[in-house]
Amino acid sequence: MFLHYWLVTALLALALQSGLSQIPEDGLNTAEKLQIEREEKIDNRIKVYEAASIRWHGSIRRGVTTNDYSGISEMLKAWTRLLAASLKDIDKHIQRKKKSRALIQYEIQLRKEITEMQDFKLRAPAELQEDFEQWSAGAEAVHKKFVDILFSHE
């Protein structure tokens with residue numbers, strides 16, 4: 001999976017630089033979409049959403065660390081759409097009586113990404129500050145809902 005992650009990320013970065021590809025509307029690449037569509041178990045879909053979130057985070061980290069901010073605005077928007085879509089799916093299908101290990105892991109990962117993105121925002125140019133703020137607000141809202149799902153006693 002590690003090799004697959006880096007390969008997909010490298011291909012996405014190359015496509016963005018070359019301008020040959022549009023960022024997917026829902027933030028999922030073709031393989032991820034197929035996995036989501038085929039998978040009946042919500043925990044397995046959550047793992048796909050988490051992997052996609054990690055992929056977006058890695059792409060943005062690479063851009064920030066190399067001072068290549070081209071495409072970051074679009075990546076942040078796609079990542080926000082991914083988080084919203086994952087929340088919608090999870091909220092609708094999760095068993096609330098039993099804590100989902102996959103959701104716990106996704107919540108932890110998202111919390112770490114939110115923290116690191118605060119640092120990226122500080123390093124980003126002024127014209128990207130609002131995009132980082134919007135991503136942060138959306139990600140924090142999704143994270144809060146994940147916590148609510150995990151700790152609600154319905």
For the subset of the range 64-82 comprising residues that are touching a residue at least 40 places away in the same chain (Cβ under 8 Å) and among the hydroxyl-bearing types (Ser, Thr, Tyr), which member is surrounded by the most Cβ atoms within 10 Å (Cβ to Cβ)? Thr80
Is there a residue in the range 56-63 that is surrounded by fewer than 18 Cβ atoms within 10 Å (Cβ to Cβ), modelled with pLDDT under 95 and in a helix (DSSP H, G or I)? no
Residue check: is Gln95 at pLDDT 95 or above and closer than 18 Å to Tyr49 by Cα? no
Given the condition charged (D, E, K, R), closer than 17 Å to Glu25 by Cα and within 15 Å of the chain's Cα centre (by Cα), answer yes or no: does some residue in the range 68-80 qualify? yes
Return the only residue of Ala137, Ala102 being assigned to a helix (DSSP H, G or I), of a type in the set (Gly, Ala, Ser), surrounded by fewer than 19 Cβ atoms within 10 Å (Cβ to Cβ) and more than 13 Å from the chain's Cα centre (by Cα). Ala137
Identify all residues within the range 67-79 that are farther than 14 Å from Lys121 by Cα and hydroxyl-bearing (Ser, Thr, Tyr); write none if there are none. Ser70
With the requirement that a residue be among the small types (Gly, Ala, Ser) and in contact (Cβ under 8 Å) with a residue 40 or more places away in the chain, what does the range 104-154 give you? Ala124, Gly138, Ala139, Ser152
Criterion (touching a Leu at 6+ places or on another chain (Cβ under 8 Å) and farther than 21 Å from Lys47 by Cα) met by exactly one of Asp131, Asp119: Asp131
If the requirement is being out of contact with any helix residue (DSSP H, G or I) (no Cβ under 7 Å at 6 or more places or on another chain), under 19 Å from Asp131 (Cα atoms) and among the charged types (D, E, K, R), which of these qualifies: Glu74, Glu40? Glu74
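The values are calculated or read from the model by the stated rules, or taken from the named source; none is laboratory data. Just so you know, these numbers come straight off a predicted model, no measurement behind them. Here the Cβ is made from the backbone with ideal geometry for all residues, glycine too, and neighbour counts use every protein chain on show.
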